[in-house]
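Accompanying notes for the structure given below.
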Amino acid sequence: MLVDVFNMEGQKVKQVELPEAIFAAPINLDLMHQAYVRQMANARLGTHDTKTRNEVAGGGRKPWRQKGTGRARQGSIRAAQWKGGGRIHTPHPHAYTLSMPRKMRRAALRSALSVKASESSIVLVDELAVAEPKTRLMAKALNTLVGDASALVLIPQKDSYENVILSTANLPETKILLASYLNIRDLFKFDKVVMPLAALDVIKSYLG
């Protein structure tokens, strides 16, 4: 699959071959959905908590005697039916973690990248760099490359890309991500995927 490579001014400089094993893989919707559900579930903290009747303060004394009052028997004013009492069948801290084999996770990424490639949503640049950390410089470059579309910008490493990271921080429809941290949620959250050739090499190294 031949795709064009642009410079930061939006000019075509050459073409490169995208590996079909990554960018023309079979599209498995069920696998992508499973990977997405796993990622969202693993992002949950699971720290929600409510108090049971054993944890609510007070209620140590029986509110009235068992028999002879004409009222229903009660053992504690902190039982669930009382105002201020404990709660039953309510959330307590637990993990939402889901597991998924690495082979399946990577196959889901290949499917997602293949979808992006089939939609011509992958934009390659020969070198991603700005002279100084200015938002307007990065905004101008991205507007040239992707127009009004939201963009996921992949970089191979943080070193030597500090200006790009700082210049992108205030762009609301853009996210900087290390190519080694590529994930299913971000791939489908943004319209376009912008990456320098060095980031493409990183993706090839673990998905190829």
Computed on Cα atoms, Rg of the chain relative to 2.2 N^0.38 Å comes out at 1.61
Relative contact order of the chain (C-alpha contacts under 8 Å, at least 6 apart) in percent is 25
Report, to one decimal in Å, the Kirkwood hydrodynamic radius for segment 103-160 based on all distinct Cα pairs. 13.5
Residues whose placed amide H lies under 5 Å from that of K51, excluding near-sequence neighbours: R87
When M40, M195 are ordered from fewest to most other Cβ atoms inside 10 Å of their Cβ, what list results? M40, M195
With 10 angstrom as the radius, rank W64, W82 by how many other C-beta atoms surround their C-beta, starting from the fewest. W64, W82
Note to self, the chain gives a 222 nm [θ] from helices alone (DSSP H runs n ≥ 4, -39500 (n - 2.57) apiece, / all residues, nearest 500) of -10000 deg cm²/dmol
Taking R0 as 35 Å, what's the FRET efficiency between Q157 and H92 from their Cβ-Cβ distance, rounded to 0.05? 0.25
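No lab work stands behind these numbers, since they all come straight from the coordinates. Given the structure is predicted, the values throughout are model-derived calculations rather than measurements. Positions of Cβ are backbone-derived with ideal geometry, glycine not excepted, and every protein chain shown enters the neighbour counts.
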